[in-house]
Amino acid sequence: MNQPRIPRKRTYLLCPPEYFSVEYAINPWMDTDTPVDRELAVKQWHGLREALLGLGHTVHELQPEPGLPDMVYAANGAFVVDGTVYGARFRHPQRTAEAAAHRAFYDEQGWPFVAPAEINEGEGDFAYLPAAHGGLILAGYGFRTEPAAHAEAQEALGRPVVSLRLVDPRFYHLDTALAPLDDGNIAYFPAAFSVAAQRVLAQLFPDAVLADEVDAFAFGLNLVSDGRHVVLNSEASGMAAKVAAAGYLPVPVELAELKKGGGSVKCCVAELRA
Ligand code: ARG
């Protein structure tokens, strides 16, 4: 028998894909020869926004900027824990300017901001589990975020950071291979991690929902959960069945157009944790 899955109201930051396109390829999903249907992307993004609002969550919006086609992936702009913002510093020059836009948002809201010295791509490579071991940060490295940023995040946020090595370039950010389902539990695709990191995850999260390659390939791990409702890409039907079997309620949203940039639900959503 699964324990009851209790939702908690969240505050999110999203950025509309007004200027979304695939003009460069910085991950294996991006192909500059495949045309992007921006109108469809905008429509699908609105579906995601409506789904989050429909669940009772608060959604803030970042003003999109021309020349920053990846800005729709708002998760990469910062990592917020206990009201403190650890800023992002992008690996690729094409995305560098996004960090300042995120910073301006947090400054305006009056959130304490820690400027990073190390390369890190915000919630793309950081996840927070408030009820795991008293409050644990999981952090990915291997493709984007530097391991040195994990130590920097621990100093900035005062929570233990567990470093996990990613080994499959298709799953280049932590959030393509692992997601919190609630305050203490996760779902993940083991093969995206080094054998040692798989052992660490198995030790820390014995009740995790394990995904397979089909789930991961459908961006089924790139999900946003409020503790009960699991918002995920509608193509990830296998993953939806797995989280349902674990007692959560899948909320599928169509977001296929955003996959052309190498992202899905979670990539589009940053969580503001007061
Ligand atoms: N095209 C973007 C990049 O490669 C996609 C980012 C996806 N975001 C995420 N949180 N995984 O940087």
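Things worth noting here:
- Residue check for GLY247: surrounded by 16 or more Cβ atoms within 10 Å (Cβ to Cβ) and in contact with a Pro (Cβ under 9 Å, 6 or more places away or on another chain): no
- In segment 177-196, the residues that are farther than 17 Å from LEU129 by Cα and crowded, with 20+ Cβ neighbours inside 10 Å: PHE189, ALA192, PHE193
- One residue alone among PRO169, PRO130 is surrounded by fewer than 22 Cβ atoms within 10 Å (Cβ to Cβ), more than 18 Å from ALA78 (Cβ to Cβ) and not hydroxyl-bearing (Ser, Thr, Tyr), and that residue is PRO169.
- Given (1) under 16 Å from the mean Cα position of the chain (by Cα); (2) touching a residue at least 24 places away in the same chain (Cβ under 8 Å); (3) within 16 Å of the ligand (Cβ to nearest atom), number of the condition GLU257 does not satisfy: (1)
- For GLU152, the criteria (1) touching a residue at least 60 places away in the same chain (Cβ under 8 Å); (2) among the charged types (D, E, K, R); (3) farther than 27 Å from GLY184 by Cα hold in every case but one, which is (3).
- Residue list for segment 120-141, restricted to those being of a type outside the set (A, V, I, L, M) and either without any contact (Cβ under 8 Å) to a residue 40 or more places away in the chain or part of a loop (DSSP other than H, G, I, E, B) (or both): GLU121, ASP125, PRO130, HIS133, GLY134, GLY135, GLY140, TYR141
- Total residues in segment 53-90, condition within 26 Å of PRO250 (Cβ to Cβ) and away from the ligand (no atom under 16 Å from the Cβ): 9
- Within segment 148-158, the presence of at least one residue that is in a loop (DSSP other than H, G, I, E, B), farther than 26 Å from GLY247 by Cα and away from the ligand (no atom under 16 Å from the Cβ) is confirmed.
- Applying the criterion of at least 1 residues that are out of contact with any helix residue (DSSP H, G or I) (no Cβ under 9 Å at 6 or more places or on another chain) and over 27 Å from GLU61 (Cβ atoms) to the strands (runs of 3 or more DSSP E) found wholly in segment 177-274 leaves an empty list.
- The lone criterion from (1) more than 16 Å from the ligand (Cβ to nearest atom); (2) under 26 Å from ILE26 (Cβ atoms); (3) among the basic types (Lys, Arg); (4) in a loop (DSSP other than H, G, I, E, B) left unmet by ARG144 is number (1).
Read the figures in this text as sums done on the coordinates, not as results from a lab. Note that the structure is predicted; figures quoted are calculated from it, not measured. All Cβ positions, even for glycine, are placed from backbone atoms using ideal geometry, and neighbour counts span all protein chains on display.
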